[in-house]
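Notes follow once the structure below has been shown.
What follows draws every value from the coordinates through simple rules; no lab data is involved. For clarity, every value in this text was computed on a predicted model and none was experimentally measured. With ideal geometry, Cβ positions are generated from the backbone for all residues, glycine too; neighbour counts draw on all protein chains shown.
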Amino acid sequence: MKRAAGLALAAAVIFAVLVLPNHPGTMKWSALNRWPLELPVLLLGMVAVGRRLIITHIVALLLLVAVVIKVADYAMFSAFNRTFNPILDTFLIGAGLSLLRDSVGGVLTGLAVIGTALLLVLLFLALERSLRLWTAHFPAPQIRASAAVLALLGTGWAAADAGHHLEHWRFDKSPPGTAWTTRLTVKRGVEMRETAIELARFAEEAQNDPYADAAGLLNALDGRDVILIWIESYGRASFDNPLYAPTHLATLQAAEAEIAQTGMAMKSGWLTSPTAGGQSWLAHGAFASGLWTSDNGRYNAMLASGHKWLFHFAQDAGYRTSAIMPAITVGWPESLVMGFDLILPAADIPYAGAKFRWVTMPDQFTLAAYPALLPGDTRPDFVQIALISSHAPWTPIPDMVPWDAVGDGTVFNDMATRGPAPKDLWRDRDAVRDAYRRSVDYALQATFSHVSRLGNAAPLVIVAGDHQAAGFVAGSDNKDVAVHMIGPPQVLDLIDAWDWTDGLIPAADGPVRRMDSFRNDFLDAFTRPHVSAKVGQ
């Protein structure tokens with residue numbers, strides 16, 4: 001009886017690993033209803049091989065790898081609504097640890113890392129011990145031979161299921177049971193191979209830019225300043241999710257009326273971001289490079305390619321290009337190939353107030369401070385400003401203050417100490433969603449209030465969301481973001497062909513284009529005559 005109980009417990013450990021889901025939507029008790037075809041293969045295989053410890057160690061390690069893949073997928077689905085790719089996403093571990101350290105402190109982060117490592121070691125030992133139990137209790141040659149035959153039959157059954165679902169072959173019906181863990185592991189291996197091939201192809205594609213040698217671009221701007229403002233985590237959810245739309249639409253309507261009084265026109269549309277839940281740089285890269293930087297590998301390949309960004313073309317057109325980046329707190333060597341003459345990270349923006357935990361400074365301060373930070377220059381300005389107040393974890397959230405009261409930022413000190421700590425806020429998903437609503441609303445207020453103050457200068461202003469929030473916050477897997485263009489009516493007439501909506505609220509059924517289309521569309525629209533006549537010459 002004791003031996004039977006031990007074998008049953010060992011089988012249960014392996015069963016739990018095999019049925020472990022990899023997606024938040026399937027992390028339910030119903031996952032236990034899936035019968036893993038690998039289970040009898042593994043157990044009978046262990047009976048067949050007998051006391052060969054090297055086999056149990058190898059199989060335990062493979063099972064541990066499967067667990068890591070599933071847990072990594074779960075984390076990626078929760079944060080970015082996609083699977084984990086080891087080639088592209090390993091760097092996110094460091095970024096995640098940095099965010100965790102800022103949220104809960106270095107000591108707890110260190111303990112979390114140590115605890116995770118110990119948990120993996122313990123899981124490996126539990127798996128190896130469970131497998132070894134099944135090698136130890138069936139010494140009879142006849143039993144081992146029979147187990148080997150049954151294990152081979154089970155392997156064929158599992159392979160039939162895996163090949164059916166991976167579309168290597170098709171049956172009228174899926175075989176009973178599921179080799180889901182095998183399918184997942186094989187699929188990840190195939191994806192890694194395809195990623196390596198894709199990166200090589202992308203690097204070649206990035207070398208072939210038909211606009212690279214075009215002359216006279218952006219002359220229809222007539223030397224007008226251009227300001228690109230990114231609003232963090234601002235997507236279609238602000239327009240169609242009932243948790244956010246009433247607040248955000250009211251703010252946009254009020255801003256529209258205020259901007260209209262300055263005489264500037266407004267048009268708004270939709271772009272599909274290459275990312276969701278984070279990794280804003282992928283959106284920035286697609287928008288300005290004209291290449292689909294849907295993951296960090298493609299982004300790195302784009303940077304290495306020498307491909308020209310929108311800012312390079314602005315430089316060629318006689319602009320001084322600048323990046324105002326309050327989220328940049330460490331070295332940013334990638335910026336050297338983006339086409340910026342001047343880069344102002346957080347350390348160069350003279351904010352004297354308290355940090356808002358991860359957020360270095362409120363958006364209103366960034367928008368109030370940057371004009372005075374740009375040195376005198378006879379060239380017009382082409383400026384990118386990446387705002388961060390609506391970046392997770394969305395606590396604390398600042399309030400708007402009168403613009404003439406912003407000063408050195410100390411007016412925000414009390415605001416920086418209020419509200420729940422991230423670890424407390426994120427225990428309640430409804431509270432997280434409400435904090436998201438309020439932080440995006442603050443960013444919208446700060447941005448469009450600043451834009452209305454620019455009216456007399458008559459620049460061309462582009463306001464864009466970088467990506468949707470994580471799926472459980474946004475309420476959908478949609479990756480569309482709003483983009484607004486504000487400027488003199490005769491300037492916005494040049495984008496009539498885009499069929500954007502007048503005002504700050506894009507039509508729900510308006511045209512949607514991928515974010516990597518913007519660079520070329522912008523070059524075409526603001527070049528006289530249109531660049532299509534010059535491309536390739």
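A few remarks follow.
- Prolate/oblate/rounded label for the range 219-533 (Cα gyration tensor, a/c 1.5): rounded
- Projected area averaged over orientations for the range 428-537, convex hull of C-alpha atoms, nm²: 8.8 nm²
- Computed over the alpha carbons of the range 61-161, Rg followed by Dmax gives 19.7, 60 Å.
- Counting other Cβ atoms within 10 Å as a rough exposure proxy, the listed residues THR272, THR410 run THR410, THR272 from fewest neighbours to most.
- Overall, the anisotropy analysis places the range 2-196 in the oblate class: the square-rooted eigenvalues a ≥ b ≥ c of its C-alpha gyration tensor yield a/c not less than 1.5, with a/b not exceeding b/c.
- Surrounding net charge for LEU133, when Lys and Arg each add one and Asp and Glu each subtract one, Cβ distance under 13 Å: +4
- Efficiency of FRET from Cβ geometry, ASP240 and MET400, R₀ 25 Å, rounded to 0.05: 0.50
- Computed from point charges on the beta carbon alone (+1 for Lys and Arg, -1 for Asp and Glu), the dipole magnitude for the chain about its Cα centre is near 3020 Debye.
- Considering helices alone, the calculated mean residue ellipticity of the chain at 222 nm is -16000 deg cm²/dmol, with DSSP H runs of length four and up weighted by -39500 (n - 2.57) and normalised per residue.
- Each peptide in 263-269, 3-9, 234-240, 167-173 was scored by the mean count of other Cβ atoms within 10 Å over its residues; highest first, the order is 234-240, 263-269, 3-9, 167-173.
- Each of ARG528, ARG320 was scored by other Cβ atoms within 10 Å of its Cβ. Listed from fewest to most, they are ARG528, ARG320.
- Spin-label proximity, ASP414 to the range 420-451 - amide N less than 17 Å from point 7 Å beyond Cα toward beta carbon: 420
- Of all DSSP beta bridges confined to the range 219-533, the antiparallel ones make up roughly 40%.
- Taking a Cβ cut-off of under 14 Å around GLN384, the surrounding Lys, Arg, Asp and Glu residues balance to a net charge of -4, with basic ones at +1 and acidic ones at -1.
- Proxy reagent accessibility, fewest Cβ within 10 Å first, across ASP430, ASP381: ASP430, ASP381
- The slack between LYS423 and ASP341, meaning 0.36 nm per residue of separation minus the straight C-alpha distance, is 25.6 nm.
- Under 11 Å from the TRP332 label point (7 Å along Cα→beta-carbon), backbone N, the range 218-254: none
- Residue-count net charge about THR182 - beta-carbon cut-off 10 Å; Lys, Arg +1, Asp, Glu -1: 0
- Principal axis box of the range 334-446, alpha-carbon based, largest edge first, Å: 51, 33, 22
- For the pair LEU62 and LEU9, label points projected 7 Å from Cα toward Cβ lie 2.6 nm apart.
- Here the peptides 196-204, 252-260 are ranked by packing, the mean other Cβ count within 10 Å, and the order with the highest first is 252-260, 196-204.
- Dipole axis of the chain (+1 Lys, Arg; -1 Asp, Glu on Cβ), positive-most option in THR26, ILE14, PRO326: ILE14
- In summary, the helical segments of the chain meeting the span-like criteria, namely a full DSSP H run, a Cα extent along the axis of 27 angstrom or more and a mean Kyte-Doolittle hydropathy of at least 1.0, are 53-80, 106-136.
- Three-way shape call for the chain based on the alpha-carbon gyration tensor, with the a/c threshold at 1.5: prolate
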